[in-house]
Structure formats: structure tokens, C-alpha cells
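Okay, so here's the structure we're looking at.
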Amino acid sequence: MTASVTLDGVSHAFGTFHALRDITLEVGAGEYVALLGPSGCGKTTLLSVLGGFVMPDAGGVRIGGVDMTRVPPARRPTTTMFQDYALFPHMSLRDNVAFGLRMAGMGRTERHRRADAKLDLVGLRADGAKRPHELSGGQRQRVALARALAIEPDVLLLDEPLGALDLKLRRAMQDELKAIQRLVGTTFIHVTHDQEEAMAIADRIVVMNAGRIEDEGPPARVYRMPASLFAADFMGEMNHIPATVSATGAETPLGTLPAAGLVPGPATVCIRPEALCQPGGALSLGEAEVRDATFFGTHIRAHLSPKAAPEMVLVAHLSPGEVPSPGAVVSLTLSAEALCIFEGDSA
Amino acid sequence: MRALPWLYLALAFGFIYLPVGTLVLFSFQDSTLPVPPFDGPSLRWYREVLADDDVTGALLHSLAVAIGASAIAVLLGFLAANGLARHALPGSALIRILLIAPLMVSYLIVGLGLLIVLTRMGLGLSLVTAGIGHVVINLPLAFAILYASMGAQHENAERAARDLGAGESQVLCLVTAPMLAPAIAAAFFLSVTLSWDEFIIAFLLTRFDITLPVEIWSMLRSGLSPRLNAIGSVVFLVSVALVILFELTVLRRRRR
């Protein structure tokens, strides 16, 4: 019903394009992991390697401690949920869900009973006789999930499962996926390019870029203290402030910030928009003038020009209240934990 | 001005259907010559034709050859299309061209070639050899139709089936073929209609048991008769029935 997954130095190239470079990753049994990255980062290839659709050029895949690197998809304890659902259009929902059990040689009565139970799990018990074309996108999604879970895989691989749904349905399905994963306890590995989806759904996020893992960890940690500039930018909007690290700290146009343990040289200071104007913060970057501000409901999004460096533009999310008029002055205070400094020049 | 497009339409359809219409009309002729003036209607010739064992036998032979040859052509075409659409094969472009090329070859050449080969091999001419000839001409068509419909949109369903434990033959029978059912039916109906009234190959490759077009040809040698019109009308009726069947089954399903 559930198993751990270990990737050990997996590399794969399509011709001259290196889709995966030396990927090493541990996923615990029953964990919900999101593979997050832009298109072309290798996340879908990694999923295909796990599902057995791509044999990696180098490295090994172990599922539940058993080497699966060269085992075909049908004989792996994994099932894949495809982006376009890949339902069988000529079969009823019940037959779709029961397909894997039929392939395993299970009798009709028993497999229909189990298929109905899985349809019940996704809230479609009454629709077992329908065909896929009679369903909405969200319902097809559920059928695909039921079909994948019907053969009780140890690991479920989800390839951008919510990509084709509208935003509202997406958020609802995220909650549902999470709840079902908790219920069945199967290890879920979920590919997405939507960082909000990854944060909403996963126990752990793996940020990928150009075939490598940039960062991995719990969503809050990856968001607040990303391991790389790429991960910092991909997880959400970020203010970049160029800096130079010296013995005294990170010298920026807005003042010197603490930078213990960093190599002297050029660096980039990163601050999230919502962390920039926190009253009572320990650090101060002086005052800034509001250029413009827009009301967004949950926050006010403002462009700020620091007094110390008027040509610089920072984005801040202020707490909702009075919308400041252009020219108003705010103080740039933030807590010490809200600061990330990366070595190297800012992009 | 409004009348002009309608006139054009009437002329176009007249051009296409006048010969067939004349043929059908004079099949109801009462006298022994299918020429004006029309003195029917009479079912005399239909009665005569349906009582003629040679004609009804040829009609059944034609149906058997058409259905058998089409079924084989569609099966082979399906397997070839699946192989070429789903697998990276060496020289696949060349294989595709070689599969479609017989479409360009005249039926006369196909028939002559087969006649030479079959007689050299010592195989007696029969309905089976005519069927072989019809498989040769229908296979490229069936392949082209099925290959074109084997889009990538079905590929994930096949991957899903494999992922759920299906073997290759199960994928083909339970997923690929049912998903392609409209294209398979289209290829089959088209093959049947082509094979049904094909003359030259059937003429060259049959001997004692003959198909309907060959029977018509041998009757033609004794001159025009409303009997031939009646047979022609029956042939036409069968073709129309096939087209309507095709429309009702395949095209209606596709529109859904």
C-alpha cells in the first residue's frame, strides 16, 4: 500500500539535452512530495523514470528497497496519473476503474465491487455506468485517481494532475487529493509548476531547475529560507538588492546587513514583499517613498523607492487598511529571519 | 440572381446522377430493350434476375470477397499503422511509402502481376485469388486511414493501460482498437464498396466462381437488356445501403 522511494545519482539525456543530472532523492513511505519547477526542468522526466516509462542513462531507482531501475511500468508497484487523464473513452467509469484489476485476472463481480468502492472514495459512486465524455474535467480527474488507486499501488505518480482545471476547481481538488492521500496512506509524488499548489498540497517540496535539484524541504522552509536564488525566485515574488559581503556584513545601498559566515564578494539580498514593512522588525533599511499602491483584498501591493537609493524599486505587501497615496513615507523594517543572502551577482 | 446557384447545383447533380438515374429507370422497362420510350413500370426483369442462379450466386460471391478481403486488409492495415505510429522503426518512412505505393499502381497492373505470380506458383484461380487481389488494393487505403487517425492523443491511454498491467496484445484489443473503432469502420466500409464493384482484378483472377461485375461483363457480350439494368440497380442499391449504414454508424458517432 505504501513504500519509500530512493533515487541514487539518476542522470538522463535526450540526445544532447540533459534532462536529469545526478538526481539523488529520498522519499519516505506515505509522504506527499511535490516536484516543482519550470517547464523543461526535468520534473516530468524524473516522474517517467519513477514510473518506468524512461530508463535512465545512469543511476538507480529503488522502491520499497527493491531495485526497479530496469523494471517495466506494468511490473512496478507504481501507477501514473497522466496530465490528460488518459481515461478509456469506450469504457464506463466502472470498467475504467476496474481495468487494472481485470488485467490482474480478478473476476468481474469482485473487481466491480472494488471499483465501486474506489468511485465512492472520489464521490462518483452513482455514476459508474457513465462514459468519460459525459463528465466535467474535475470529475474525469477523480476517475483517473480512482483508476490509479484501484490496483492499490505503493507509489502514485501524478503528472500535473490539476493543470487543465480552472483555479477554483484546482484549489478544491488540491484539498481533496491531500485528504485522499491521508486516507489511503500511499506515497504520492506530484509534478507541478505551480508553487502555490505545491505549498498547499505537499509535505515536502523538491524544487528543480535545468535537470538538478535546487532545494528540497518542507514548504514553509523552502519558501522562507530557500537554498538557492533560483528556488527563492521560483517560490514567489522576491525583492533583489545587490550587495557586497565584507568583514562587517553585507553592504547594500540601503545600509549594512548582518551576513555571518558568507564568503566576501558580490552577493544578492532577497526579501519577500510581505516581509518588507513589518513594524517592530529588528532590522531597518531606512525609509521609502510610495510610488503607487493597489488594493488586493488580502493585502496592499505597493511599489516603494528607498530614500537612500531612489532609483531602486521594491515591491511590498502592506497589511490591508488605508491605501497609502503616492509620496507617502513608510519605514522599511523587517525581522532578521526574513532575510536571505545569496553569494554571486543578482540576475 | 438567386436562381443561378440552384441551377448550378441542379446541373452538377444531374451530371453525376443522370446516368445512374437512367439505368435505374430503364430497369423497370417492360419491353426487351432498355431504350426510350419508357413503357413500364414493371418488375419483370427483377423477377427474372433474382430467379437466375448465376446472378444471385455471383452476387453472394461478390459480397463474400468484399467482406473477407476488407476484413483482412483492415486487420493488416491496423497492425501496420500501429507499428509505425507507436514504435521508432528503422526506415519507417520507406516502409510507409512502400505500404501506400500500391494505391498509385493501376488495378490492371496489380491484376496482371498477381496473375503471373499465382499461375507460376501453381495456385488455381478462384474467389480466394480475387480476394488476395482485393487485399492488395485495399491495404494501402486501410493503412492510410488508420495511420492518419492514430494520433498521439490516444498514446497516453495506451501507456496508462500498460501501467495498469496490460500486455501488448491486451493494449491492442482492449484499448487501441476500440478507441479507433470509427476509423476502423470507415476503412472497412470504404474497402467493401471498392471491392464490391471492382472488375478488372476480379476478371483476371477468377475462373469458375465469378463475382458480380464479371458476371455483368459476360452478360454484356450478348447485348443490352433491361436485365442488366436491373442487376446494375441492385448493385447500386447495395452501395447506397452501405453508405447509409456508414453514415448512421460511424459518422453519427463521431459527431457526438
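Just so you know, all these numbers are worked out from the coordinates, no wet-lab data involved. Please read all numbers here as calculations on a predicted model, not as lab measurements. A quick note on method: Cβ atoms are made from the backbone with ideal geometry, for glycine too, and the neighbour counts reach across all protein chains shown.
Worth pointing out:
- Only Lys, Arg (+1) and Asp, Glu (-1) charged, at Cβ; the protein assembly as shown dipole about Cα centre in debye: 1740 debye
- Choice from A:A259, A:A98, A:A231 with maximal GNM fluctuation in chain A (Cα, 10 Å cutoff): A:A259
- The residue list A:L87, A:G64, A:T24 was ranked by how far each Cα lies along the charge dipole of the protein assembly as shown toward its positive end, using unit charges on Cβ atoms, and A:L87 comes out on top.
- Given 13 as the ceiling on other Cβ atoms within 10 Å, longest exposed-site-free region of chain A for GluC sites (Glu not before Pro) in DSSP loops: A:1-236
- Degrees separating the helix B:53-86 axis from the principal Cα axis of chain B, which is the longest one: 20 degrees
- The mean sequence distance of close C-alpha pairs (under 8 Å, at least 6 residues apart), as a share of the length of chain B, puts its relative contact order at 31 percent.
- For chain A, the longest principal axis of the C-alpha atoms and the axis of helix A:108-121 are separated by about 20°.
- Furthest towards positive pole of dipole, B:V238, A:V313, A:A336, structure part the protein assembly as shown, Cβ charges: B:V238
- Theoretical gain in end-to-end length, A:S305 to A:R171 [0.36 nm per residue, Cα-Cα removed]: 44.7 nm
- With loop membership from DSSP and a limit of 15 other Cβ atoms within 10 Å, the longest segment of chain B without chymotrypsin sites (Phe, Trp or Tyr not before Pro) is B:39-198.
- Percent of alpha-carbon pairs separated by more than 45 Å within the protein assembly as shown: 46 percent
- Listed from fewest to most Cβ neighbours within 10 Å, the set A:T244, A:T69 follows the order A:T244, A:T69.
- For chain A, the longest principal axis of the Cα atoms and the long axis of helix A:93-103 meet at an angle of about 70 degrees.
- With 0.36 nm allotted per residue and the present C-alpha distance subtracted, the A:A260-A:F17 stretch has 83.6 nm of extension available.
- Farthest toward positive dipole pole in the protein assembly as shown [+1 Lys/Arg, -1 Asp/Glu at C-beta], among B:T211, B:G111, B:L224: B:L224
- Only Lys, Arg (+1) and Asp, Glu (-1) charged, at Cβ; chain A dipole about Cα centre in debye: 1660 debye
- Cα gyration tensor category, rounded, prolate or oblate, for the range B:3-104 with a/c compared to 1.5: oblate
- The range A:206-315: chymotrypsin sites (Phe, Trp or Tyr not before Pro) in DSSP coil with no more than 14 other Cβ atoms inside 10 Å: A:F296
- Ranking of A:D194, A:D57, B:D163 by count of other Cβ atoms within 10 Å, fewest first: A:D57, A:D194, B:D163
- Global geometry of the range B:116-256, whether rounded, prolate or oblate, following the gyration tensor of its Cα atoms and the 1.5 cut on a/c: oblate
- Cysteines of chain A lacking any other cysteine Cβ under 4.7 Å from their own Cβ: A:C41, A:C277.
- Comparing A:M81, A:M312, A:M238 in a Gaussian network model of chain A where C-alpha atoms under 10 Å apart are linked, the largest mean-square fluctuation is found at A:M312.
- Of the trypsin sites (Lys or Arg not before Pro) found in the range B:1-109, the ones in coil according to DSSP and having at most 13 other Cβ atoms within 10 Å of their Cβ are B:R2.
- Look at the alpha carbon pairs under 8 Å that are at least 6 residues apart: their mean separation over the length of the range A:1-155 gives a relative contact order of 23 percent.
- In a reduced charge model with +1 at each Lys and Arg Cβ and -1 at each Asp and Glu Cβ, the range A:60-193 shows a dipole moment near 240 debye about its Cα centre.
- Highest mobility in the GNM of chain B, judged by mean-square fluctuation with C-alpha springs under 10 Å and restricted to B:S233, B:S70, B:S169, is found for B:S169.
- Per-residue Cβ neighbour counts within 10 Å put A:K307, A:K43 in the sequence A:K307, A:K43, beginning with the fewest.
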